[in-house]
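Okay, structure first, notes after.
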Amino acid sequence: MIDFGLVDAVDADAVGPPGQRHFRLRARTGDQYASLWLEKEQLNEIGRIFSRLLSERSRRNPKTG
């Protein structure tokens, strides 16, 4: 296990042709990356969670949201 601390960026992508895609979530800090391969449904759920967290943060602190 690697402790990244606070990450600089998180992104997701799909690799491969439609119907045979593999889905990846990546976290980056500096020049270090960590990748996590997921099912499409898992990646969709993580996206919904991120959206909800960002929306809640924006409502609590609109100046920095």
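Observations
- When residues of segment 35-53 are limited to those that are part of a strand (DSSP E or B) and among the hydrophobic types (A, V, I, L, M, F, W, C), the one surrounded by the fewest Cβ atoms within 10 Å (Cβ to Cβ): 37
- Filtered residue count, segment 9-25, keeping only those that are part of a loop (DSSP other than H, G, I, E, B) and loosely packed, with under 11 Cβ neighbours inside 10 Å: 5
- So residue 10, is it free of Cβ contacts under 8 Å to residues at least 12 places away in the same chain and in contact with a strand residue (DSSP E or B) (Cβ under 6 Å, 6 or more places away or on another chain): no
- Residue in segment 31-50 that is polar (S, T, N, Q) and touching a Lys or Arg at 6+ places or on another chain (Cβ under 9 Å) present: yes
FYI, it's all coordinate maths here, none of it is from the lab. Note that the structure is a prediction, hence the values are computed from the model and not measured. Please note: Cβ atoms are built from the backbone with ideal geometry, for glycine as well, and neighbour counts cover all protein chains shown.
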